[in-house]
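Scroll down for the structure; my scribbles are underneath it.
The values are calculated or read from the model by the stated rules, or taken from the named source; none is laboratory data. Since the model is a prediction, treat every value here as computed from it, not as a measurement. As a convention, Cβ positions derive from the backbone with ideal geometry for all residues, glycine included, and neighbour counts pool all protein chains shown. Calculation scope for accessible area: heavy atoms of the full protein, side chains included, ligands and nucleic acids excluded. Shrake-Rupley method; radii C 1.70, N 1.55, O 1.52, S 1.80 Å.
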Amino acid sequence: MAETYNENLLKVLRLTREMLATADEGDRDRNDDSCGILYGILRDMAYRLRSLAEEECQNHKNTGKWPDEVEVTLTNSQERD
């Protein structure tokens, strides 16, 4: 995929997976409630960003800006990992 705008969307999707993993790890290892709040916010923002990035990927597909050979698995934005 040569288009930078599509590559950046894929980067955002990768970052959201990292954000979710970090939130899970942090929540598991936290030692107080304020850390739990922090990791909860991180998790919420990851889901929101993922939803926005997936919508934008779909928009690019609909307008022919997304190459057919690059597959992105879109999740239902209401689902949680």
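By accessible area, using a 1.4 Å probe on protein heavy atoms only, the chain has 48% of its surface on carbon and sulfur.
The magnitude of the dipole of the chain, with charges of +1 and -1 set on the Cβ of Lys/Arg and Asp/Glu and taken from the Cα centre, is near 140 debye.
For the stretch 21-66, a Kirkwood hydrodynamic radius built from all Cα pairs, placed in the Stokes-Einstein relation at 20 °C and 1.002 mPa s, yields a translational diffusion coefficient of 177 µm²/s. Taking every protein chain into account, the accessible area of the chain amounts to 70 square angstrom per residue (probe 1.4 Å).
Across the stretch 46-52, rounded Karplus estimates of 3J(HN,Hα) from the backbone phi angles (6.51 cos²θ - 1.76 cosθ + 1.60, θ = phi - 60°) give 4, 5, 5, 4, 4, 4, 5 Hz, Gly and Pro being marked x.
Solvent-accessible surface of protein heavy atoms, probed at 1.4 angstrom with all chains present, puts 50, 14, 43 in the order 14, 43, 50, largest first.
Note that the chain, at 20 °C in a medium of 1.002 mPa s, gets a Stokes-Einstein diffusion coefficient of 156 µm²/s from its Kirkwood radius over C-alpha pairs. Between 0 and 90 degrees, the angle of helix 4-29 with respect to the longest Cα principal axis of the chain falls at about 20 degrees.
Figure note: 12, 70 ranked by solvent-accessible area, largest first, 1.4 Å probe, ligands and nucleic acids not counted: 12, 70. Working from Cα pairs under 8 Å separated by at least six residues, relative contact order for the stretch 1-71 is 38 percent. Across the stretch 62-69, coupling constants 3J(HN,Hα) worked out from phi with the 6.51/-1.76/1.60 Karplus curve, θ = phi - 60°, read 5, 9, x, 8, 10, x, 4, 6 Hz, and Gly and Pro carry x.
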